[in-house]
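The values are calculated or read from the model by the stated rules, or taken from the named source; none is laboratory data. If you're wondering where the values come from, they're calculated on a predicted model, not measured in any experiment. So basically every Cβ, Gly included, is an ideal-geometry build from the backbone, and we count neighbours across all protein chains shown.
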Protein chains: 2
Amino acid sequence: MFNFDFHNPTQILFGKGRIADLAKVVPANARVLILSGGGSIKHNGVLDEVHAALAGRSFQEFSGIEPNPSYENLMQAVELVRREKLDFLLAVGGGSVIDGAKFIAAAVNFEGDPWAILEKRGANITSALPFGAILTLPATGSEMNNGSVVTRKSLKAKMAFSSRHCFPQFSILDPTKTFTLPTRQIGNGVVDAYAHVMEQYMTYPADAPIQDRFAEGILLTLIEEGPKALATPDDYAVRANIMWCATLALNGLIGAGVPQDWATHMVGHELTALYNLDHAQTLAIVLPSMLRIRKEGKRAKLLQYAARVWNLTTGDEDARIDAAIEKTQAFFEQMGVKTRLGDYGVTADNIETVLGQLESHKMTMLGERRDVTLAVSRQVLELSL
Amino acid sequence: MFNFDFHNPTQILFGKGRIADLAKVVPANARVLILSGGGSIKHNGVLDEVHAALAGRSFQEFSGIEPNPSYENLMQAVELVRREKLDFLLAVGGGSVIDGAKFIAAAVNFEGDPWAILEKRGANITSALPFGAILTLPATGSEMNNGSVVTRKSLKAKMAFSSRHCFPQFSILDPTKTFTLPTRQIGNGVVDAYAHVMEQYMTYPADAPIQDRFAEGILLTLIEEGPKALATPDDYAVRANIMWCATLALNGLIGAGVPQDWATHMVGHELTALYNLDHAQTLAIVLPSMLRIRKEGKRAKLLQYAARVWNLTTGDEDARIDAAIEKTQAFFEQMGVKTRLGDYGVTADNIETVLGQLESHKMTMLGERRDVTLAVSRQVLELSL
């Protein structure tokens, strides 16, 4: 096990009816800005519950944060917070709204051009407005971590940052609020959580059996519960399990003390920025090819994964590995997420453009061994056509 | 899954050489009281490293906190803190020293007689001194939770309390500091962590597959790594895994959203208070009998435990359950912890006294269904002779 720091101060309020507890965790005298996305919370009752819980409190609203939150749009919210002297953010939505809240929180009091936050990946953040979240879409884990991804549309640049100042103070997770999600968002969410686990697990053995077993536990649970979530959208237990798994997939725990990969995410970010694919779609495309191309470096963990997650324990090693990757890809398809670039209209002609963006973002030595060069990324993309 | 709150703000600094980072996490102008136990940290170099890390800082020392920290002794430390106007506690030792720090932290500014903290189980704590810990003995999980157990010797009362004010601000976990632990303490620590998991896992199914898998992951890892820790005391990876497992066993995570038992601990506490058995010895005695006597109520989870932890998947259900409990008991014995009351000189004549203490401490409706009456505890104790 590697040396590590683990510190996650976010308070989780989990379960049915927990939005009613909002007044206990938002400071009484806060001047709140409620952040939200495309408007679904106005139709599914979530916003009404928020208003009821904050009755008598001071709050304003900023809606329209995009699925991949844009720097340009978030800066409008920063201006609003500054102008109105607001001092607490409440993100109501999925990972994009929470990621947006993190950027706004860090940018409001940032000295200089807030674009530098993204350029420096958050290392220059010295404070942030306090904020909390009400999660309506289980997927990214943003509700219990300090990371955020923001896209600058004008540059087609999707950039990640993190800071110890950017943990939500609290997050409310009510699984009933996910009952009305479109199938596509549930499928995407399960694939996203699955890929988060794989980025922290599918590397090389590091004498960390408990981290491995926690990771495998999340994967097994997503494989069991994901299809049920599509089949019976109002099964509370299923939605609760997926919601808590997605949080645990990226709250720092399973990645503590072990090598991490993240090459799939970095290549995926370029695909979203260039061609507007959903984040999870890019992961479903890239991850299987990434595992195939990098099979030798990941051999020991791929065999462990084949055995413990897919119960593939007999026969030729390479056949077991290949079957485990096949099953991974089939699971993504089962969740309704297509796994080929061609499924989304991206062709061989586009690969050079993707590689150019990776190079311009200095993504030329990716992965747990920093050996995913542009040449490797090219192989991965070609295999994903 | 039940509704739950999860909030654990303790910062973990894990790995070789991390005591050197102490100055980064202890406030620069703090007036520190270093708390310790029987003196081992003076001989194994830990105290020297602490002194080096705090060079130039203001600190005093209070040693001699007992394996089951006594109210009487801890109140001496409370007086010292008050007299010297100290404002930060640093617990250096195992769970007992950290438990002691929690009580001292809560008692220093407590209005009225601090005994009330224990009588009310911490519900009346409104603030606590800040404190951190350097863990030298993996076992109790106190380094990353807000619970504490204190014994009032004069009353032979071992009492637990908890408070949201009583999380360590940080805990430093350096596995190399466990290399010189006596065999008995390693054995006790592994049994303690195992029992902590069982108290949160071995109840009834609650639609919480991820909590189950995390719990099973810790159990499997303790079973694998425990015997290695006895055989090769200076194997870093083994000690690191045990240390992190013991922390994860009781940091709130695996118990979030599921029923919990704790009857074994409550009966065990009386045995320690009356007959001075090590905490883990009491758990090794009581847990197997508790599972045998309460087999029907725990049947579904016992079968799951038999299959997933002990790979017992064929044959008659009762035989599988019995074998799983046998293997559990044999594992405790393998870790060097005897599992019969008679091994410690406690006899049938003592059972009435234990039951009397349980009654006087209102421990007459224990367990996840509150159905562990004194009559059930009597059966458990008789089966443990």
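Observations on the model:
- Residue list for segment B:201-210, restricted to those being out of contact with any Leu (no Cβ under 8 Å at 6 or more places or on another chain) and surrounded by 24 or more Cβ atoms within 10 Å (Cβ to Cβ): B:208
- Here B:226, B:147, B:252 are screened, and the one residue that is outside the structural domain of residue B:35 (by TED's automatic domain parsing) and closer than 30 Å to residue B:109 by Cβ is B:252.
- The criterion of at least 2 residues that are among the small types (Gly, Ala, Ser) is met, among strands (runs of 3 or more DSSP E) falling completely within segment A:141-226, by A:147-152, A:157-162.
- All conditions in (1) in contact with a Ser or Thr (Cβ under 6 Å, 6 or more places away or on another chain); (2) away from chain B (no Cβ under 13 Å) hold for residue A:178, with the sole exception of (1).
- The residue that is nearest to the other protein chains (Cβ to nearest Cβ), counting only those in segment A:24-37 that are of a type in the set (Gly, Ala, Ser) and surrounded by 15 or more Cβ atoms within 10 Å (Cβ to Cβ), is A:30.
- Residue list for segment A:364-385, restricted to those being buried (at least 21 other Cβ atoms within 10 Å of the Cβ) and part of a loop (DSSP other than H, G, I, E, B): A:367, A:368, A:384
- Take the conditions (1) over 26 Å from residue A:242 (Cα atoms); (2) of a type in the set (A, V, I, L, M); (3) touching a strand residue (DSSP E or B) at 6+ places or on another chain (Cβ under 6 Å); residue B:271 misses just one of them, which is (3).
- Residues in segment B:310-323 that are of a type in the set (Val, Ile, Thr) and surrounded by 19 or more Cβ atoms within 10 Å (Cβ to Cβ): B:321 only.
- Per the conditions (1) closer than 29 Å to residue B:241 by Cα; (2) in contact (Cβ under 8 Å) with a residue 24 or more places away in the chain, the sole criterion not satisfied by residue A:106 is (1).
- Residue list for segment A:44-65, restricted to those being free of Cβ contacts under 8 Å to residues at least 40 places away in the same chain and either closer than 27 Å to residue A:152 by Cα or touching a Ser or Thr at 6+ places or on another chain (Cβ under 8 Å) (or both): A:60, A:61, A:62, A:63, A:64, A:65
- Filter result for residue B:291 (part of a helix (DSSP H, G or I), assigned by TED's automatic domain parsing to the domain that holds residue B:333, more than 27 Å from residue B:137 (Cα to Cα) and at pLDDT 95 or above): yes
- Residues being more than 17 Å from residue A:185 (Cβ to Cβ) and buried (at least 24 other Cβ atoms within 10 Å of the Cβ) - total across segment A:270-284: 2
- Residue in segment A:228-238 that is surrounded by the most Cβ atoms within 10 Å (Cβ to Cβ), counting only those that are assigned to a helix (DSSP H, G or I), touching a helix residue (DSSP H, G or I) at 6+ places or on another chain (Cβ under 8 Å) and facing another protein chain (nearest Cβ under 10 Å): A:238
- If you go through segment A:324-350 and pick out every residue that is buried (at least 16 other Cβ atoms within 10 Å of the Cβ) and over 24 Å from the mean Cα position of the chain (by Cα), you end up with 1.
- Selection status of residue A:49, away from every other protein chain (no Cβ under 14 Å), crowded, with 19+ Cβ neighbours inside 10 Å and of a type in the set (D, E, K, R): yes
- Which numbered condition residue B:138 misses (of (1) surrounded by fewer than 21 Cβ atoms within 10 Å (Cβ to Cβ); (2) in a loop (DSSP other than H, G, I, E, B)): (1)
- Some residue of segment A:277-284 being closer than 28 Å to residue A:99 by Cβ, free of Cβ contacts under 8 Å to residues at least 60 places away in the same chain and more than 14 Å from chain B (Cβ to nearest Cβ): yes
- Summed over segment B:239-260, residues that are more than 7 Å from every other protein chain (Cβ to nearest Cβ) and either part of a loop (DSSP other than H, G, I, E, B) or within 17 Å of the chain's Cα centre (by Cα) (or both) total 15.
- Failed criterion for residue B:5 (all others in (1) surrounded by 15 or more Cβ atoms within 10 Å (Cβ to Cβ); (2) in the same structural domain as residue B:149 (by TED's automatic domain parsing); (3) acidic (Asp, Glu); (4) not in a loop (DSSP other than H, G, I, E, B) hold): (2)
- Per the listing B:286, B:309, the residue uniquely in a helix (DSSP H, G or I), closer than 22 Å to residue A:215 by Cβ and either of a type in the set (Val, Ile, Thr) or in contact with a helix residue (DSSP H, G or I) (Cβ under 6 Å, 6 or more places away or on another chain) (or both) is B:309.
- Positions within segment A:1-23 being under 27 Å from residue A:85 (Cβ atoms) and within 14 Å of chain B (Cβ to nearest Cβ), in sequence order: A:9, A:10, A:11, A:19, A:21, A:22
- Number of positions in segment B:213-227 that are more than 7 Å from chain A (Cβ to nearest Cβ) and either more than 21 Å from residue B:368 (Cα to Cα) or surrounded by 21 or more Cβ atoms within 10 Å (Cβ to Cβ) (or both): 7
- Taking the criterion of being within 11 Å of residue A:92 (Cβ to Cβ) and among the basic types (Lys, Arg), the only residue of segment A:41-57 that qualifies is A:42.
- Yes/no for residue B:287 being surrounded by 17 or more Cβ atoms within 10 Å (Cβ to Cβ), out of contact with any Cys (no Cβ under 6 Å at 6 or more places or on another chain) and more than 21 Å from residue B:144 (Cα to Cα): yes
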